[in-house]
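Structure record follows, encoded as structure tokens.
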Amino acid sequence: MNKPHPYSNWLEIDRSIIANNLRALQRIAQTSLMAVLKANAYGHGLEEIGRVAAEAGVAYLGVARTEEGVILRSHGIETPILVLGYTDPLFYSQARASNITLTIFHPDQLIVLSALCADGPPQRVHIKVDTGMGRLGLPPEAAFDLLKQARRLHGVQVEGIFTHYARADEPQAETTQVQERQFLDLLTRLEDAGLRPPLAHASNSAATLCWPNSRLDIVRPGIALYGMRPSEKVVLPQEIQPALTWKARLSAIKQLKRGAGISYGHTYHTQSHERIGVVPVGYGDGFRRVGGNWMLLRGKRVPVVGRVCMDQCMIQLDHVPDAQVGDEIVVLGSQGDVRVQAEDIAARWGTIPYEVVTGLASRIPRIYIN
Ligand SMILES: *Cc1c(COP(=O)(O)O)cnc(C)c1O
């Protein structure tokens, strides 16, 4: 058999699809783009997707943690990077040395940074405003005061101000209307006081697609850039496509008599003479240990039977009599005319596509195509 690599379980990630999704989002948003790359670029690989986004010319890269920004810099990526989350003061020097923009939401952070960066180039920061997410950020009034205070301090340059929506992906519009109004009002007051930072932003993928008045100076899509829907309510434009396929090769086939127990706990017993396939995909790869799983083999849906193990699971081969050891299995993605989307797996697992892809273990090799 002529195989391009020896892996039995791997991800294929199509860079050209990511680049295309970025272009489509840019076209829709009609403003600058911050490509959100947190959690290993939603499982797609931080470094490679960072490179695709940088080459596509996005204005900013968004990460959750300073360490993620440092990794991007270590691979020579020079696009501006914003840490969207909290940064411990012990990381401030490293952030500054790596030219990484930080998010702040408390006067103490401003004072510490200002003292640390009094000499040399100022540290760039974005101020986080909580307009109703109930997570990081100051209330709008306090954000206004922080900007006044920042103007008097050296060492810190407030480049941006942002907020985050709790329900932009839901049919319920009222919460987002309230959050948007609060944020836009704050921006108006800052503008009147000559305090508005150049980059105001509020839009995740759902808001980028559904809330045009929130696109402002830059939008922050994550999930849509990987070709997945923020929720069932949000329709993606046709040209945005998923970029990741999760594949495996069938390791073994066994012929079992009726009544044979399969996997830990024997939660499944063969009903008759059955052919059972062994797949080298388990919960240690991010494949959940729950019932109701299925995969694609020879263009057909095959059920996973028995408990999912750490590194393996078993499938029932009744509907694929021609299956052979070495056959390619698709856990997530397309095979022939059949498709398993992250949204389908999420429904099966009682979660959202975000958790499916960010749960893809780092041990699975990522292979980049196109
Ligand atoms: C994760 C995140 C995003 C991207 O959200 P998506 O729903 O994946 O588009 C944008 N902004 C912030 C602050 C985030 O934490």
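The values are calculated or read from the model by the stated rules, or taken from the named source; none is laboratory data. On a predicted model such as this, the values are computed, not experimentally measured, just so you know. Every residue, glycine among them, receives a Cβ derived from its backbone with ideal geometry; neighbour counts consider all protein chains shown. Note: areas computed on protein heavy atoms with side chains; ligands, DNA, RNA excluded. Shrake-Rupley method; radii C 1.70, N 1.55, O 1.52, S 1.80 Å.
Couple of notes before you dig in:
- Annotation: for a label point projected 7 angstrom from Cα along Cα→Cβ of GLN324, residues of region 234-274 with backbone N closer than 13 Å are 250.
- Mean-square fluctuations from a GNM of the chain, with a 10 angstrom spring cutoff on Cα atoms, peak among LEU236, LEU225, LEU244 at LEU236.
- Dimensions in Å of the chain - Rg and Dmax from alpha carbons: 23.8, 80
- DSSP bridge orientation in the chain - percent antiparallel, rounded to nearest 5: 55
- Among THR351, THR176, THR163: highest mean-square fluctuation, GNM of the chain, C-alpha pairs under 10 Å: THR351
- Against the chain, whose longest principal axis is taken from its Cα atoms, helix 107-116 shows a tilt of about 80°.
- The GluC sites (Glu not before Pro) found in region 171-270 that occupy coil by DSSP, while having at most 15 further C-beta atoms within 10 Å, are GLU232, GLU239.
- In summary, the lysines within cross-link reach of LYS233, defined as a Cα separation below 30 angstrom excluding same-chain residues under 8 places away, comprise LYS38, LYS128, LYS247, LYS300.
- Inter-site label distance for ASP108 and ASP185 at 7 Å from Cα along Cβ, in nm: 2.9
- A 1.4 Å probe run over the protein chains yields, for region 249-370, 48 Å² of accessible area per residue, whole-number rounding.
- Portion, in percent, of the accessible area of region 216-300 that falls on carbon or sulfur, probe 1.4 Å: 49
- Nearest-ten-degree value, helix 46-55 long axis tilted from longest Cα axis of the chain: 60
- Distance cut-off 19 Å, percentage of C-alpha pairs in region 170-308 lying past it: 68
- Using a Förster distance of 30 Å, the FRET efficiency for SER251-GLU67 (Cβ separation, nearest 0.05): 0.25
- Computed lengthening from SER16 to ALA142, 0.36 nm per intervening residue step minus Cα-Cα distance: 41.0 nm
- Summarising the label geometry, the points placed 7 Å from Cα in the beta-carbon direction at HIS269 and ASP344 lie 3.1 nm from one another.
- Given their separation in residues at 0.36 nm each and the Cα-Cα distance between them, ASP337 and MET310 gain 6.7 nm when the chain is fully extended.
- By the helix-only formula, in which each DSSP H run with n ≥ 4 contributes -39500 (n - 2.57) and the sum is divided by residues, the chain has a 222 nm mean residue ellipticity of -8500 deg cm²/dmol.
- At a probe radius of 1.4 angstrom, the accessible area of region 65-197 per residue rounds to 47 square angstrom.
- Distance between region 254-301 and region 107-180 - C-alpha centres, whole angstrom: 50
- Of all accessible heavy-atom area on region 70-200, the percent that carbon and sulfur account for (1.4 Å): 54
- THR358 versus LEU116: modelled label distance in nm, points set 7 Å from Cα along the beta carbon direction: 2.4
- Across the chain, the mean sequence separation of Cα contacts (distance under 8 Å, 6 or more residues apart), normalised by length, yields a relative contact order of 18 percent.
- Between ARG23 and ASP88, the contour length at 0.36 nm per residue exceeds the Cα-Cα span by 20.0 nm.
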